[in-house]
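A short worksheet on the structure shown next.
Just so you know, all these numbers are worked out from the coordinates, no wet-lab data involved. It should be emphasised that the depicted structure is a prediction, and the values quoted were computed from it without experimental measurement. All Cβ positions, glycine included, derive from the backbone under ideal geometry; neighbour counts span all protein chains shown.
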Amino acid sequence: MTHDVDRTGDWKARLYARGFELFNAGKRFEAHEEWEAVWLQEPKGHPNRLFLQGLIQVAAAFHRVDTHFLRAAYRLFRSARRKLIPFAPAYKGVDVAALVPLLDAWIGRLGALNRGDAPSHAEYFPIGSGGRGWNEPAREAETSAEKLSAFRAFEQYSSDREVRAACPKCGSGFSVNGRRRAPPEDAERAWTVACPGGCVTLEFAGAR
């Protein structure tokens, strides 16, 4: 963070809402910082943290587009897409079901540019937050050690890192769709996080 955070009152809701205002005003780096301040205070593996990281990466991807780092933007859009799909159709006031196709358009455009093909069309877009915003009740209320560990494994996978999170029951490493790392090119819309012994299984999908 490059600025101090006022943690008085309902500060998470305030920063969350401010992030959308900045993002929609074209101040994507600043939006990234507001959301990151909230993200840093969420427990590792918590669903809220995964969701916020998706929003942060969308803002960071557009910042990379604005600064002409298109390969980095492509990777960030892909990573953000994985993180956000499990929260469709909506989460914390965001219409995730409407957001994902917009991310897909940018992934297609930047992927075409990386291959030297004619890029498909994709436009900048706003992101809105309705209802109670940050204070919208989360669907993923369970925070058991097993579930947090599985979310942590998916966070690593969706960030193009090797899955290192281990099952708290048997100590074995998790895999996601049978992999320890996401494929370079993917269009997955559903994922299963599991340990080898089957102690913990957590499924993520876009339709709920």
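Quick notes
- Under the Karplus curve 6.51 cos²θ - 1.76 cosθ + 1.60, θ = phi - 60°, whole-Hz ³J(HN,Hα) for segment 36-50, x wherever Gly or Pro sits: 5, 4, 6, 3, 5, 9, 8, x, 4, x, 6, x, 4, 5, 4
- Net charge in the neighbourhood of Phe29 (other residues with Cβ under 11 Å of its Cβ; Lys, Arg +1, Asp, Glu -1) is -2.
- For the chain, averaging the sequence separation of C-alpha pairs within contact (under 8 Å, six or more residues apart) and dividing by the residue count gives a relative contact order of 17 percent.
- Sequence ranges 199-205, 51-57, ranked by mean other-Cβ count within 10 angstrom, highest first: 51-57, 199-205
- Per-residue ³J(HN,Hα) for segment 121-133, Karplus 6.51 cos²θ - 1.76 cosθ + 1.60, θ = phi - 60°, Hz, x for Gly and Pro: 7, 8, 10, 4, 9, x, 10, x, 10, x, x, 8, x
- Other-chain or far-sequence residues with amide H under 5 Å of Tyr91's (modelled H): Val96
- Residue-averaged 222 nm ellipticity for the chain, from DSSP H runs of 4+ at -39500 (n - 2.57), nearest 500: -15000 deg cm²/dmol
- Neighbours of Ala17, meaning other residues whose beta-carbon lies under 11 angstrom from its beta-carbon, give a summed charge of +2 when Lys and Arg score +1 and Asp and Glu score -1.
- The Cα-based radius of gyration and maximum Cα-Cα distance (Dmax) for segment 145-205 are 10.5, 32 Å.
- Coil-residue chymotrypsin sites (Phe, Trp or Tyr not before Pro) of segment 69-172, DSSP, other Cβ within 10 Å capped at 15: Phe69, Tyr124
- Gain in span if fully extended, Asp104 to Glu162, counting 0.36 nm per residue against the direct Cα distance: 18.5 nm
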